[in-house]
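Visitor: Below is a structure I'd like to ask you about.
The values are calculated or read from the model by the stated rules, or taken from the named source; none is laboratory data. Just so it is clear, the model here is predicted, and its values are computed rather than measured. Cβ atoms come from the backbone with ideal geometry, glycine included; neighbour counts cover every protein chain shown. All accessible areas refer to the heavy atoms of the entire protein, side chains included, with ligands and DNA or RNA removed. Shrake-Rupley method; radii C 1.70, N 1.55, O 1.52, S 1.80 Å.
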Amino acid sequence: MPLAERVRPLVRPNLHEIKPYVPGRTIAEVQKEFGLHDVVKLASNENPLGPSKKAIAAIQQLLSELNRYPDGAAVDVREAIAKHVQLTPEHVFVGNGSDEIIKMIAETFLQPDDEVIVPFPSFAQYNFGAQVMGAKVVSVPLTADFQYDFEAMKARITKRTKLIYVCSPNNPTGTWTTHTQVKSFLEEIPEDLVVILDEAYLEYVDSPDPLHSLEFISEGKPVLSLRTFSKMYGLAGLRLGYALGDPGLIRFLHQVREPFNVNAVAQVGAAAALQDHEHVEACRAANQSGRLQFYKGLKELGIPYITTQGNFLLAQVGDGMRVFEALERYGVIVRAGFPGLQEYVRISIGTEAENERCLAALAQVLRA
Ligand SMILES: *Cc1c(COP(=O)(O)O)cnc(C)c1O
């Protein structure tokens, strides 16, 4: 019997259900496959302007000290984050990306048969955490125009519900909730659940009545806010995400934390990036004009799109997978194949020149 067949029965049965995560294609892969050298990646909502120079300098300084273990308690970066959001370091929990924190939230709370309410379509990692723990994912569809259906979410709460995820702006749709909507939802649901507000794209939001989870946290609500250095701060490769919450809630996440879960380079790089307000402002401004560039360009091409509050948008191209593959031949990597979104591609907003490349390639693809 092949080894995999002998080992299979030893593996926890729920793991067989998990579909592997398919990340965006890398520039190197596409260069190699199509023999291109000038490839633009607009697939993973990365910051096209790169990390802050302050972060790079801090990281370079640390390199000669990599013989040392990191600070397991991540004191300095937690203090820097606490100061940034005007909470205490005890409110701040750091992880190897917020992906790791989503998995740790699942490990902290979920047993088989527990239920997690997850919006659909949204970020796949929420389902992953639940599935690893053998818990049940209760998937609640967004409305036809990709808004949260809070009534439907409320209706799906049972005695077994432990966690509810809300992602705003929502990945991959770019749509968002208002603070008022989330506030009334929190007032109407039982208090013995944890609500996770994933605010990975918070820094890009410029809509009225934006979600501000800190109010709920200071009111002592069982809320965790998830944030990251991977998007606006341009440090996706470094891996640092954080959760904010009442210390009475945060303390339980430490039960499943590896002693050195956030590496030393990430700790200094993130702390330095937080100090670079000018870089954040420049990135925010570039993203706002990039959004308008896509709205205008897509409109001219007759491609419907979903208005976004993130650094990415959905374009309704017809056959998403076909357009995704065709764009690759023009050296433009976007993302398609999201469950429930077959007609769309998700495009991350790049530099002005990258956006132009993408729009020009889309024009070619549609003509063909
Ligand atoms: C990108 C993203 C994250 C951040 O992931 P990291 O692990 O911190 O890189 C979290 N949530 C959503 C919805 C995202 O799109």
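Visitor: In the stretch 125-158, how many are open to solvent by less than 50 Å² (accessible area, probe 1.4 Å) and touching a residue at least 24 places away in the same chain (Cβ under 8 Å)?
Guide: Counting residues in the stretch 125-158 that are open to solvent by less than 50 Å² (accessible area, probe 1.4 Å) and touching a residue at least 24 places away in the same chain (Cβ under 8 Å) gives 14.
Visitor: Looking at the stretch 70-91, can you tell me whether even one residue there is of a type in the set (Val, Ile, Thr), open to solvent by 40 Å² or more (accessible area, probe 1.4 Å) and assigned to a helix (DSSP H, G or I)?
Guide: yes
Visitor: OK, next. Considering only the stretch 41-58, state which residues are within 16 Å of the ligand (Cβ to nearest atom), crowded, with 17+ Cβ neighbours inside 10 Å and either assigned to a helix (DSSP H, G or I) or at positive phi (or both).
Guide: Once the filter is applied, which keeps residues that are within 16 Å of the ligand (Cβ to nearest atom), crowded, with 17+ Cβ neighbours inside 10 Å and either assigned to a helix (DSSP H, G or I) or at positive phi (or both), the stretch 41-58 yields Asn45, Ala55.
Visitor: Pairs under 7 Å by beta carbon, first residue open to solvent by 10 Å² or more (accessible area, probe 1.4 Å) in the stretch 194-206, partner within 11 Å of the ligand (Cβ to nearest atom) and at pLDDT below 95, six or more apart or different chains?
Guide: Partner pairs satisfying both residue conditions: none exist.
Visitor: Is it the case that Val268 is more than 21 Å from His84 (Cα to Cα), of a type in the set (A, V, I, L, M) and open to solvent by 20 Å² or more (accessible area, probe 1.4 Å)?
Guide: Answer is no for this residue.
Visitor: Would you confirm whether or not the stretch 175-192 contains a residue that is under 21 Å from Asn311 (Cα atoms), crowded, with 20+ Cβ neighbours inside 10 Å and of a type in the set (Val, Ile, Thr)?
Guide: There is at least one residue in the stretch 175-192 that is under 21 Å from Asn311 (Cα atoms), crowded, with 20+ Cβ neighbours inside 10 Å and of a type in the set (Val, Ile, Thr).
Visitor: Cβ-Cβ distance below 6 Å, separation of 6 or more or different chains: which pairs start in the stretch 95-111 with a residue that is within 12 Å of the ligand (Cβ to nearest atom) and end on one that is charged (D, E, K, R)?
Guide: Filtered contacts from the stretch 95-111: Asn96/Arg239; Gly97/Arg239.
Visitor: Okay, moving on. Of the numbered conditions (1) over 27 Å from Cys283 (Cα atoms); (2) modelled with pLDDT of 95 or more; (3) not in a loop (DSSP other than H, G, I, E, B), Glu33 satisfies every one except a single condition; which is it?
Guide: (2)
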